[in-house]
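The values are calculated or read from the model by the stated rules, or taken from the named source; none is laboratory data. Treat the numbers as computed from the prediction; the structure is a model and nothing was measured. Quick reminder, even Gly has a Cβ in these numbers, built from the backbone with ideal geometry, and neighbours come from all protein chains shown. SASA here: full protein model, heavy atoms, side chains in, ligands and nucleic acids out. Shrake-Rupley method; radii C 1.70, N 1.55, O 1.52, S 1.80 Å.
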Amino acid sequence: MKSNFKYRVGDWVEVRTKEEILRTLDSDGRLEGMPFMPEMLQYCGKRFRVDKRAHKTCDYSTPFPNRTRRLKDTVHLETRCSGEAHDGCQSGCLLYWKHAWLKPVTGSGEPLFGISPAKAAPQTESACIEARLWECTHVPGSDPASRTYICQTTEIPRATTPLASWDVRQYIEDYRSGNVPFSRLVTGLIYAVYYRASNIRRLNYTGLGHLLRWLYNTFNPLWGGSLYPKLKGTIPLGQPTPNVTLNLQPGELVRVKSHREILQTVNTENRNRGMSWDAELVPYCGKTYRVLRKVDRLIDEKTSKMMEMKSPCIVLDSVVCQARYTKCRMLCPKQMFPFWREIWLERVHPAAAQSHAPESSEANTGAVCG
């Protein structure tokens, strides 16, 4: 598959028919290492706007620090995995679409003249069939009681190549593709420099590192910014972290507590009963959103096994990781759903809900996080 055409955010595409896509896949239902999953069949023949150019993504299968990986000829549409073929995984990952599975069209569905749609060479010896897609959702022979799953997320290491965080070409493409506005690119660069400066050991020995973080906490909120996103929780290691049960239901309005309130619920490693409080959640503090669903089972990217949560967590509508502050993965377009403990949220009661519409956040301008 060769094509110089690159999609931009907002471009219209039409997903090819099932038969066309199957002809691009190898015997394991993959193209260039990327699986085409049964959950994607429902989108065949439909039109979508390009949500992000997926020229890079983050890889959580490796030990910390997780790294950025490069993809080629791939985009994200406004489509997420339902988990139907993966025993009800509730991660809701944004799907990866290879160019060969798409056709560029106008908003009314007409082909775009002057653009040759990307096509993959048909697989002649071992063409894939739909039944094979279902077979390839797990490792053959794995114990049904502890199945090892295969999905687009678990296969990221095999469908991508390494991408160094200092490779400036990725950030140029972030802007040129429409993935991020220029202002986000600039503020991301400023934060990265500020973060590194405030964590230089020599500065910490002299107290300058502490001063830089104090200046951030003092002045950034004055123009609507957050506190320093890497602040540590207040509960000593070894002591239990608090819990609360709100029994939140899909559709309810909730307000995310303030950053300082949440830090009082996590330990010095920023964990509450095993779940990380991540810097990427900080921009949502103090804002109001609608509950999308509860999550109690998902596929662990490191083990490819189904993970059952001891207590469900919450996913909020339109709240995604924007990759603003994550080391080595800045501006990743993956847009995973962050998970929230109920103790980090407070219900907006019906009387108050009338004056609290859900935030139209910038969540869709940026990428869960580790």
Q) Considering amide H positions built from the backbone, and no H for Pro or chain starts, which residues 5 or more places from residue 102, or on another chain, come under 5 Å of its amide H? A) 16
(Q) 7 Å from Cα along Cα→Cβ at both residue 164 and residue 232: what's the point-to-point distance in nm? (A) 3.2 nm
Q.
What FRET efficiency comes out for residue 6 versus residue 187 if R0 is 30 angstrom and r is the Cβ-Cβ distance? Round to the nearest 0.05.
A. 0.75
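Within the range 121-230, which GluC sites (Glu not before Pro) sit in a loop by DSSP and count at most 13 neighbouring Cβ atoms inside 10 Å? Walk me through the intermediate numbers first.
Values: sites: 125, 130, 135, 155, 173; in loops: 125, 155.
The qualifying sites are 125.
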Q: Summarise the long-distance tail of P(r) for the range 127-208 by giving the % of C-alpha pairs beyond 20 Å.
A: 64 percent
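When only DSSP loop residues count, what trypsin sites (Lys or Arg not before Pro) in the range 228-301 have their Cβ near at most 14 other Cβ atoms within 10 Å?
Details: sites: 230, 232, 255, 257, 260, 271, 273, 287, 290, 293, 294, 297; in loops: 230, 232, 257, 273, 287.
Counting only loop positions with at most 14 other Cβ atoms within 10 Å, the trypsin sites (Lys or Arg not before Pro) in the range 228-301 are 232.
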Q) If you take the C-alpha gyration tensor of the range 233-273, multiply each eigenvalue by 5 and take the square root, what semi-axes do you get, largest first, in whole Å? A) 23, 12, 7
Q | Equivalent-ellipsoid semi-axes of the range 196-282, from the Cα gyration tensor, Å, largest first | A | 28, 18, 9
Q: Over 17 Å, how big is the tail of the calculated P(r) for the range 1-106, in percent of all Cα pairs?
A: 56 percent
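Of all GluC sites (Glu not before Pro) in the range 262-344, which ones are in loop regions per DSSP and have a Cβ with at most 11 other Cβ atoms within 10 Å? Let's see the in-between values first.
Values: sites: 269, 280, 301, 308, 342; in loops: 269, 301.
Answer in residue order: 269.
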Q. Karplus couplings for the range 258-274 from phi (6.51 cos²θ - 1.76 cosθ + 1.60, θ = phi - 60°), rounded to Hz, Gly and Pro as x?
A. 5, 4, 5, 4, 5, 4, 6, 10, 10, 7, 5, 9, 6, 10, 10, 6, x
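Per residue, what volume in Å³ does the convex hull of the Cα atoms of the range 1-62 enclose? Intermediate values should be presented prior to the final figure.
Working: hull volume 8.0 nm³, N = 62.
Dividing the Cα hull volume of the range 1-62 by its residues yields 129 Å³.
Taking Cα atoms of the chain, Rg/Rh with Kirkwood Rh, to two decimals?
On the way: Rg = 21.7 Å, Rh = 22.1 Å.
Result: Rg/Rh = 0.98.
Which of rounded, prolate or oblate describes the range 225-345 when judged by the alpha-carbon gyration tensor and an a/c cut-off of 1.5? Could you put the intermediate results ahead of the total?
Values: a/c = 1.10, a/b = 1.04, b/c = 1.05.
It comes out rounded by the Cα gyration axes.
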Q) Counting only the heavy atoms of the protein chains, how much of residue 9 is accessible to a 1.4 Å probe, in Å² to the nearest 10? A) 50 Å²
